[in-house]
Amino acid sequence: MKTDNIIIRPGRKEDRADIWRLLHCEGKAAKEELSSEGCFVLIKGEKMLGVFIGESDVAVHPLYSQVLVEDILVKSVTGLLDTACSKRQMRGEN
Amino acid sequence: MKTITAEELRSQAKHLGADLCGIAAVECFSGAPAGFHPCDVLPGCKSVIVMAVRFPASTMDGSSQAAYTFVRNRLADRMDAITFQIALELEDGGNCAIAIPSSEPYEYWDDGRRHGQGILSLKHAAVLAGLGRMGKNTLLVNQLYGNMLWLGAVISDVDLESDKLADYEACLSDCRLCLDVCPTKALDGLTIEQRKCREICAKCTEGGGGVYTCNLCRKVCPNRQGIRLPHTAR
């Protein structure tokens, strides 16, 4: 899979329908109301390739490699969260 | 007034002719987009009871679209009769209950996109009620009956426990048969572009009446009549 033009960003309100479909395609139910905190989406063009919710719940578009997309999502989100956590720690926040 | 239990509902659905019956508590619909939430239809809804009737297995073996259309229409009538009766019985027990149409009428219709939407997505409700998983052809796939099912639902304020989600895979990991066979390329593995599908899926005959002329995405599925082949990670 070419990774050009692939972005990862926090989920938005307008992503709800796509997130809902991705979760259902993998036989998962959203455990709580979706919020931008703790919800990240992987987007290529206009297509949502995957979603990361909560601490580790991932759903991937059925036409893309589950292993690859999940790997990108987990590493990216974990990296983003680690970075944010480090910045907060450097600022002396909890 | 008598409170109906999940087991009694299941038993009654089977007695009325349903082949499958599952329950999704309304909490399962958290995160649903607008228009997909049962509380959009019935404020105070606590449970969605989803039922399915099966197609006669030989339906897809014939070449007559009229025969397929006849079965499809009878299943819709049959399912609507079942959900209608279940709703009445829930009301007799003192609950609010609304039967969801298994096909028409559409309340939402976008003429530009030729996109219709029921008042509740029965396929998504069926996933949440544990009746199966969504295939790449966007049809529900059940372990026992494959995609040869017609769905219906009743939403109610009766408080029932959810069934477990299905733990099997709907599709073979690298299978693209349904996507490749679609004459208008209406499928993307997750959704269906209704405008493209409607170009060919139905027509009016010269003698009057409508027939469904394409069901290839249902027909070519290796799991059409139940999940027979093992899944491997994609």
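The values are calculated or read from the model by the stated rules, or taken from the named source; none is laboratory data. All of these numbers come straight from a predicted model, not from anything done at the bench. Glycine also receives a Cβ, built like all others from the backbone with ideal geometry; neighbour counts cover every protein chain displayed.
Taken over region B:122-135, residues that are surrounded by fewer than 24 Cβ atoms within 10 Å (Cβ to Cβ) and assigned to a loop (DSSP other than H, G, I, E, B) amount to 1.
Each residue in region B:31-40 was checked for being surrounded by 18 or more Cβ atoms within 10 Å (Cβ to Cβ) and part of a helix (DSSP H, G or I), and 1 of them qualify. Among the residues of region B:68-79, are any without any contact (Cβ under 8 Å) to a residue 60 or more places away in the chain, out of contact with any His (no Cβ under 8 Å at 6 or more places or on another chain) and not in a helix (DSSP H, G or I)? No: region B:68-79 contains no residue that is without any contact (Cβ under 8 Å) to a residue 60 or more places away in the chain, out of contact with any His (no Cβ under 8 Å at 6 or more places or on another chain) and not in a helix (DSSP H, G or I). Residue count for region B:42-66 under the criterion of being part of a helix (DSSP H, G or I), buried (at least 16 other Cβ atoms within 10 Å of the Cβ) and of a type outside the set (S, T, N, Q): the result is 1.
Of all the listed residues (B:ASN223, B:ASN215), the sole one being within 17 Å of the chain's Cα centre (by Cα) and either free of Cβ contacts under 8 Å to residues at least 40 places away in the same chain or over 16 Å from B:MET134 (Cα atoms) (or both) is B:ASN215.
Of the residues in region B:166-199, how many are among the polar types (S, T, N, Q) and facing chain A (nearest Cβ under 10 Å)? Steps first, answer last, please.
Kept after step one, since they are among the polar types (S, T, N, Q), are these residues of region B:166-199: B:173, B:184, B:191, B:194.
Adding the requirement that they be facing chain A (nearest Cβ under 10 Å) leaves B:173, B:191.
Residues meeting the conditions: 2.
When the residues of region B:97-114 are narrowed to those that are of a type outside the set (D, E, K, R) and surrounded by fewer than 16 Cβ atoms within 10 Å (Cβ to Cβ), which ends up nearest to the other protein chains (Cβ to nearest Cβ)?
This residue is B:TYR108.
Taking every residue in region B:15-34 that is facing another protein chain (nearest Cβ under 9 Å) and at pLDDT below 95 and pairing it with any residue that is surrounded by fewer than 23 Cβ atoms within 10 Å (Cβ to Cβ) and assigned to a strand (DSSP E or B), at least 6 positions away or on another chain, yields no pair with a Cβ-Cβ distance below 9 Å. Residues to consider are B:VAL50, B:VAL71; find the one that is under 19 Å from the mean Cα position of the chain (by Cα), over 30 Å from A:VAL51 (Cβ atoms) and not charged (D, E, K, R). When all the criteria are applied, what remains is B:VAL71. In this structure, is A:GLU33 within 9 Å of chain B (Cβ to nearest Cβ), surrounded by fewer than 12 Cβ atoms within 10 Å (Cβ to Cβ) and modelled with pLDDT under 90? Yes.
All told, B:ILE82 meets the bar of being out of contact with any Ser or Thr (no Cβ under 8 Å at 6 or more places or on another chain), modelled with pLDDT of 95 or more and not polar (S, T, N, Q).
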